[in-house]
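Rule-based calculations on the coordinates, nothing more; no lab input. Just so you know, these numbers come straight off a predicted model, no measurement behind them. Cβ: placed from backbone, ideal geometry, glycine included. Neighbour counts: every protein chain shown.
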Amino acid sequence: MLSPAELERYARHIVMREIGGAGQQKLKKARVLVIGAGGLGAPVLQYLAAAGIGTLGIVDDDTVSLSNLQRQVIHDTDQLGEPKVASAAEAIARLNPNVKVEPHPTRLAGHNAMALVSGYDLVVDGSDNFDTRYLVSDACFFAKKPLVTAAVGQFDGSITTLKPFETGPEGEPNPSYRCLFPKKPRDGLLPTCEEAGVLGALTGIVGAMQAMEAIKELTGTGEGLTGRLMMFDARTFRMETIRYRHSPKNPLTGDNPKSWTELLEEA
């Protein structure tokens, strides 16, 4: 049940026909895992905490540095050198003390990915490298957990929702991350954020979109981005959405599906 203070805090949700009291109860009961407390993870965590998600798990093994603060707005100058999971937990406690935070000060890897994602209802990936994105998406497939994943460049961002363990309206499996990006780019092919830079406000825009997608999935509101990739160009402020489909060559649900162990061995 929602307390009187919670009814007032979430009043703008509760008066909405699409959310209402029932939807707010779903948010309160939800357990969401956020991969990364950086540029994307910061606004994701802030908006999900403000929305009343009951439990937020945070996976990050990094500490707060001065160069983070241009975009990672959940941290501040007084927290330099502090683990990001601890800094984020402190900010969430100030924002909404009703939210339980489960910090995981570790790097997502083959030995812990399944255990981490299995403990939550939905996963939001705010990581900044392809190794983690493939690992998270594979783990969510085998654990049957919805995944909201996004990426940003200097001025552009993209976001999609993945539920390849379910079928679409036509009865075929929903596409996976490996349907969208069949081959992982080789190391060094794409510049890192440190090398190329990124517009700070861009991560706020795309991260807020991830939080919106997570709330929609948890409350059953609107049309999600399953099978659709939304791309945003900050230079022109244009958005474009493309559809993508399940591929029979996809190693998860294609003609020759592989096990979790086999995928780890290939990584």
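A search for C-beta distances below 7 Å between a residue of the stretch 14-31 that is part of a loop (DSSP other than H, G, I, E, B) and any residue that is surrounded by 14 or more Cβ atoms within 10 Å (Cβ to Cβ) and among the charged types (D, E, K, R), counting only pairs 6+ apart in sequence or on different chains, returns 30/121.
Within the stretch 56-66, the set of residues being in contact (Cβ under 8 Å) with a residue 24 or more places away in the chain and not in a loop (DSSP other than H, G, I, E, B) comprises 56, 57, 58, 59.
Residue 134 fulfils the conditions (1) part of a loop (DSSP other than H, G, I, E, B); (2) surrounded by 15 or more Cβ atoms within 10 Å (Cβ to Cβ) except for a single criterion, (1). Yes or no: the stretch 41-63 includes at least one residue that is of a type in the set (S, T, N, Q), buried (at least 24 other Cβ atoms within 10 Å of the Cβ) and under 20 Å from the mean Cα position of the chain (by Cα). No, there is no match, as no residue in the stretch 41-63 is of a type in the set (S, T, N, Q), buried (at least 24 other Cβ atoms within 10 Å of the Cβ) and under 20 Å from the mean Cα position of the chain (by Cα).
Answer yes if at least one residue in the stretch 161-172 is in a helix (DSSP H, G or I) and buried (at least 17 other Cβ atoms within 10 Å of the Cβ), and no otherwise. Within the stretch 161-172, not a single residue is in a helix (DSSP H, G or I) and buried (at least 17 other Cβ atoms within 10 Å of the Cβ).
Quick one: which residue in 80, 122, 108 is crowded, with 17+ Cβ neighbours inside 10 Å, among the aliphatic types (A, V, I, L, M) and over 19 Å from residue 50 (Cα atoms)?
Values: 80 fails: crowded, with 17+ Cβ neighbours inside 10 Å; 122 fails: over 19 Å from residue 50 (Cα atoms).
Criteria check complete, one pass: 108.
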